[in-house]
1. In segment A:48-94, how many are modelled with pLDDT of 90 or more, among the hydrophobic types (A, V, I, L, M, F, W, C) and part of a loop (DSSP other than H, G, I, E, B)?
2. Is segment B:154-161 home to any residue that is within 21 Å of residue B:78 (Cβ to Cβ) and buried (at least 23 other Cβ atoms within 10 Å of the Cβ)?
3. Being surrounded by 15 or more Cβ atoms within 10 Å (Cβ to Cβ), within 17 Å of residue B:240 (Cβ to Cβ) and either acidic (Asp, Glu) or in the same structural domain as residue A:163 (by TED's automatic domain parsing) (or both) is the requirement here; does residue A:311 meet it?
4. Out of the residues in segment A:188-200 meeting the condition of being surrounded by fewer than 20 Cβ atoms within 10 Å (Cβ to Cβ) and touching a residue at least 40 places away in the same chain (Cβ under 8 Å), tell me which one is farthest from residue A:81 (Cα to Cα).
5. Residue A:382: at the interface with chain B (Cβ under 8 Å from one of its Cβ atoms), modelled with pLDDT under 50 and assigned to a loop (DSSP other than H, G, I, E, B), yes or no?
6. Which of the residues that make up segment B:232-271 are assigned to a loop (DSSP other than H, G, I, E, B) and within 8 Å of chain A (Cβ to nearest Cβ)?
7. Check every one of the helices (runs of 4 or more DSSP H) wholly within segment A:1-47 and list those with 2 or more residues that are at the interface with chain B (Cβ under 7 Å from one of its Cβ atoms), aliphatic (A, V, I, L, M) and without any contact (Cβ under 8 Å) to a residue 12 or more places away in the chain.
8. Please identify the pairs in which a residue from segment A:99-115 that is free of Cβ contacts under 8 Å to residues at least 40 places away in the same chain and at positive phi has its Cβ atom under 9 Å from the Cβ atom of a residue that is crowded, with 18+ Cβ neighbours inside 10 Å and of a type in the set (A, V, I, L, M, F, W, C), counting only partners at least 6 apart or on another chain.
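The values are calculated or read from the model by the stated rules, or taken from the named source; none is laboratory data. These numbers come from a predicted model, not from an experiment. Backbone-built Cβ (ideal geometry, glycine too); neighbour counts: all protein chains shown.
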There are 2 protein chains.
Amino acid sequence: MVMSKTLQQIDRDLIHLLRERIALLKTSTPPPVDEQLDHVRSLLADANISEFTWQTLLVNCMAALATSPSLAMQMQSESRKITIVGGRGAMGRFWVDRLTAAGHAVSVLEYDGWNEADSLLGNADLVLIAVPLKSMVPVIRRVAPYLSPQTILADIASTKTEVMQAMLDSHTGPVVALHPMFGPGGTSFLGQKVVVCPGRYLPQSQWLLDAIEMDGGTLITCTPEEHDAMMVAVQAIRFFSNFSLGTFYAKEGVDIERSFEFSSPLYRSEINTISRLVAQDAALYVDILLASPERCEAIGRLVDTYAHLADLLNQGDRAALIAEFEKTRQSFQAGAGRSLSESNYMLNNLSSFLAAKTVEAAIANTPSPLQLDLQPELQPQALLSLDAAA
Amino acid sequence: MVMSKTLQQIDRDLIHLLRERIALLKTSTPPPVDEQLDHVRSLLADANISEFTWQTLLVNCMAALATSPSLAMQMQSESRKITIVGGRGAMGRFWVDRLTAAGHAVSVLEYDGWNEADSLLGNADLVLIAVPLKSMVPVIRRVAPYLSPQTILADIASTKTEVMQAMLDSHTGPVVALHPMFGPGGTSFLGQKVVVCPGRYLPQSQWLLDAIEMDGGTLITCTPEEHDAMMVAVQAIRFFSNFSLGTFYAKEGVDIERSFEFSSPLYRSEINTISRLVAQDAALYVDILLASPERCEAIGRLVDTYAHLADLLNQGDRAALIAEFEKTRQSFQAGAGRSLSESNYMLNNLSSFLAAKTVEAAIANTPSPLQLDLQPELQPQALLSLDAAA
């Protein structure tokens, strides 16, 4: 199974054409993907190429126009003195790395380094607290007395209201609270979101926010209260929900691989989400659930919702269930069309991915050249009619 | 915003090359997608084309080798006399349409047509019961006395154990139970799954199973008991879970659009799944939940799992939560790598889809040709480091 010379030549030609296509898109005002597709429908049919294959190519070409910021911008910033408290932790190391890469002089203060606190904290432009959530408030209180009124005090805690209050109470200078919406392991801010809660004298911290954006990050500004409310919905509820569902499947002893045979790609993608989340670090995950009383309370209300609907089921109260269902549908109505098109696109891609794996396996088992005639169950075009049983 | 002549020419050339590429794959034994990608990494880097863009192209080309069955096969079957009881319902119409297309003589018996029962049921080769689940057993009992011992009795109910028993008890001839794993609205069996539970004299029903496969369907054979157990996991549990989660978000008044700004594509895809499912027909959905006592019992155990984990949270029992988490992770371990690669692929495609939409919107707002310099938050390559906060 080697790449034939012909295939290699076709790939070179394709890449050359793709480069030309993307370059042309960048210097013109191309019509939307759907219109671009309309232009070649009959050509595709003649060539027996699925519209979905062409659509993904058009989508990826358009996406290539969302370029990363120019490197030149990253050189403009003046070098600052930064101390990261907890800078040897997983997230701390990331910030040390990125702020150093941006040209700043970055020091680390760890739990065993308080004898150096005077020099590390006393004349820093920025002190960033990157310790575990539980230690945030005590560390902020211990750090603050060392700071000059010009020093920016910042944190990266995953809940903001209480931590912000502690920073404002214990430091009289500039304060800004950050929450990177991603865990350790990344190599830059590219494609990542960082929530920014302004505390005090925000313009003083502009260079820090610029550094994040120049490294490819996106800033979301909000109050600590909005942040904490959103994190309940975005993190705690769905973490808990996937964790519980995974625990249920595990307890019931469901044969997951066999269950895929009975189901659509949508079920498969839901199982993949559970699998992805339970592969995370258990302690980090559990601490996110335990992070605040509000989270436990919201999870309590989620459990109540489950119990309420299960009660209606047990009573066989079909009318009440239908009424609840209609109400829920109503609240998702506004985004339903957008959701469906995104969902179809993802599921068609999953189907195509699985079909390609099936073809790879078939080729591996039958090394002589042949016209494959596999089951079409995984063909993406059939997915567009997914519905109730999906 | 028209397609320039140059763009049109590039697209024609690309389609021509893609056709050649797929034709070449079909007549050779191409290496796996990853190896094909390895061959051109440096070319892609030089051309500034993302590896992800090329990967999707390779995946879709490989998937194109999973061809649909040849039309010639569909002509072989002998024409049979078929009566579909409930043939004017949504699913009934689908079966009338597909079996007619396969060359059979298909009649319909509806609830108001029992005066024709003698002629419609008495000399049919196949009587297929396609009535709502609640009416299945009574209709089977009413139909059976009309049948000759040569007639195949079949059903398409979404639970199988009780219905199978009713068919075997009331008819002495061939019996086969089917469950199409999809709802109404499709145009053929292409890409769809149908569960087959053999009842009695299965070889007599082979022509029916062949007709489904020839139309592109995939058959999954199992016992009624395995079917019903799997449907609890594959349908009832996740329907209920998404329904409950959607109801919770609705009750809490979470601003879904705003919440997307605070989150990763993974959260977005989970919301899309909820939105997709609650857009279904409420009655159909609720009846699937109510279909059997086993479903209500399993949902009861799911609610218990939720309540148990929420109790541990309320008690702040971090150690017990971590232990539960580790146990759950263990049970998903075997498929974790596969799940992650499928999940990454889907999320990267979603990111690319969203980035393309952003570019389309930017173009619509700035009609003059320009070098776009959009935020890179949606670039797919950054997604590969998704983790705890994802």
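1. The total comes to 1.
2. The initial filter retains those residues of segment B:154-161 that are within 21 Å of residue B:78 (Cβ to Cβ), namely B:154.
If we keep only those that are buried (at least 23 other Cβ atoms within 10 Å of the Cβ) too, we end up with B:154.
Yes, segment B:154-161 has at least one match.
3. Values: surrounded by 15 or more Cβ atoms within 10 Å (Cβ to Cβ): no; within 17 Å of residue B:240 (Cβ to Cβ): yes; either acidic (Asp, Glu) or in the same structural domain as residue A:163 (by TED's automatic domain parsing) (or both): yes.
When the stated conditions are applied, residue A:311 does not pass them.
4. A:190
5. Numbers: at the interface with chain B (Cβ under 8 Å from one of its Cβ atoms): yes; modelled with pLDDT under 50: yes; assigned to a loop (DSSP other than H, G, I, E, B): no.
Against the criterion (at the interface with chain B (Cβ under 8 Å from one of its Cβ atoms), modelled with pLDDT under 50 and assigned to a loop (DSSP other than H, G, I, E, B)), residue A:382 does not qualify.
6. Of the residues in segment B:232-271, the ones assigned to a loop (DSSP other than H, G, I, E, B) are B:253-255, B:262-264.
Of everything in segment B:232-271, those that are assigned to a loop (DSSP other than H, G, I, E, B) and within 8 Å of chain A (Cβ to nearest Cβ) turn out to be B:254, B:262, B:263, B:264.
7. Values: elements: A:5-26, A:33-38, A:41-47.
Here the list reads A:5-26, A:41-47.
8. The qualifying pairs are A:103/A:211.
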